[in-house]
Amino acid sequence: GINVSKTNPLLTFLKLLVGMAFVLAISAWILASGAGWLASFVPFEQELKVSALYPESEEDSQTNPELQNYLDDLAKRLQPAMDLPEGMQITLHYQSEDVENAFATIGGNILLYKGLLKALPNENSLAMLIAHEMAHVKFRHPIRAASQGLAINTGIKLLMGYSNVDILGNAGLYTQLHFSRSMETESDIQGLTALHSVYGHVGGATDLFETLHALTDDGGITPKSAFFSTHPLDQQRIDQINQAAGENGWAIEGKTVTPLPDGFMGWLGE
């Protein structure tokens, strides 16, 4: 009986399993944090080269030039207020898919979907949306988020014994990226600042979030909008926007907002 353990082997196995899970979780956190931090130092020129590996179709933009020109013009009006780093480029891509979504990705690319655009009530809310996505690019959130995901994915594959690890894979760096709550808050405040710079007030900012709230089922329980998958929305986030407006003395209510162009819905095919 010398080699017979007095502890139940199932309990020992459970302890080992919990310990391994803890080590994996800590390792994943270290990989993600380190990769995200290092990615922020990658020159934007290199990010452009990586994004070129995942070209986005320009078909929708080319077949809808009036809408694309309007979106580009609005982005140009916002850009001086964004204080983008030298050499950073912003490119808007209109997507004719009828889904409520918009997101920024690597290489300064921003995708705007028809489903969300047609739900917006005025130009100010559209400007807030574009400025928010431009802020993600400014703060290098897409490359940081992509690097975190790639680091975790690569680490797990190596740990599982895969010798042939495709670093880029087909996950598509040119897809929707998940941003942290702090990233969202940072982009909200920067977007609000740009909105005030262009219009002299921040009216319409809350219209964007009220529209997003309306894109829910069952009284705001289950989101229909794909925007929620990458841009978590809650009352705390809206309160932070109102607080920032108040602290800066920016009027958010009672201001006349700019309507969308008369032909806007026609450009969307509605």
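The values are calculated or read from the model by the stated rules, or taken from the named source; none is laboratory data. Bear in mind that the values here come from a model prediction, so they are computed numbers and not experimental data. Backbone-built Cβ (ideal geometry, glycine too); neighbour counts: all protein chains shown. The accessibility values were calculated without ligands, DNA or RNA, using every heavy atom of the protein model including side chains. Shrake-Rupley method; radii C 1.70, N 1.55, O 1.52, S 1.80 Å.
If you go through the stretch 33-74 and keep only what is over 19 Å from residue 137 (Cβ atoms), modelled with pLDDT under 85 and in a helix (DSSP H, G or I), you end up with 33, 34, 59, 60, 62, 63.
From 121, 85, grab the single residue that is part of a loop (DSSP other than H, G, I, E, B), surrounded by fewer than 21 Cβ atoms within 10 Å (Cβ to Cβ), in contact (Cβ under 8 Å) with a residue 60 or more places away in the chain and over 17 Å from the mean Cα position of the chain (by Cα). Of the residues listed, the single one that is part of a loop (DSSP other than H, G, I, E, B), surrounded by fewer than 21 Cβ atoms within 10 Å (Cβ to Cβ), in contact (Cβ under 8 Å) with a residue 60 or more places away in the chain and over 17 Å from the mean Cα position of the chain (by Cα) is 121. Of note, residue 225 satisfies the criterion of being small (Gly, Ala, Ser), open to solvent by less than 20 Å² (accessible area, probe 1.4 Å) and modelled with pLDDT under 90. The single condition from (1) at pLDDT 85 or above; (2) of a type in the set (A, V, I, L, M); (3) open to solvent by less than 40 Å² (accessible area, probe 1.4 Å) that residue 252 fails is (1). Condition check for residue 200 on (1) at pLDDT below 70; (2) surrounded by fewer than 12 Cβ atoms within 10 Å (Cβ to Cβ): one failure, at (1). If you take the residues in the stretch 231-247 that are assigned to a helix (DSSP H, G or I) and open to solvent by 30 Å² or more (accessible area, probe 1.4 Å), which one is modelled with the lowest pLDDT? It comes out as 235. Residues in the stretch 88-114 that are more than 16 Å from the chain's Cα centre (by Cα) and touching a residue at least 40 places away in the same chain (Cβ under 8 Å): 88, 89, 96, 114. Entry remark, the stretch 88-117: residues being within 23 Å of residue 43 (Cα to Cα), part of a helix (DSSP H, G or I) and in contact with a strand residue (DSSP E or B) (Cβ under 9 Å, 6 or more places away or on another chain) number 2 in total. Among the residues making up the stretch 203-216, those that are surrounded by fewer than 17 Cβ atoms within 10 Å (Cβ to Cβ) and either among the aliphatic types (A, V, I, L, M) or within 14 Å of residue 122 (Cβ to Cβ) (or both) are 210, 214.
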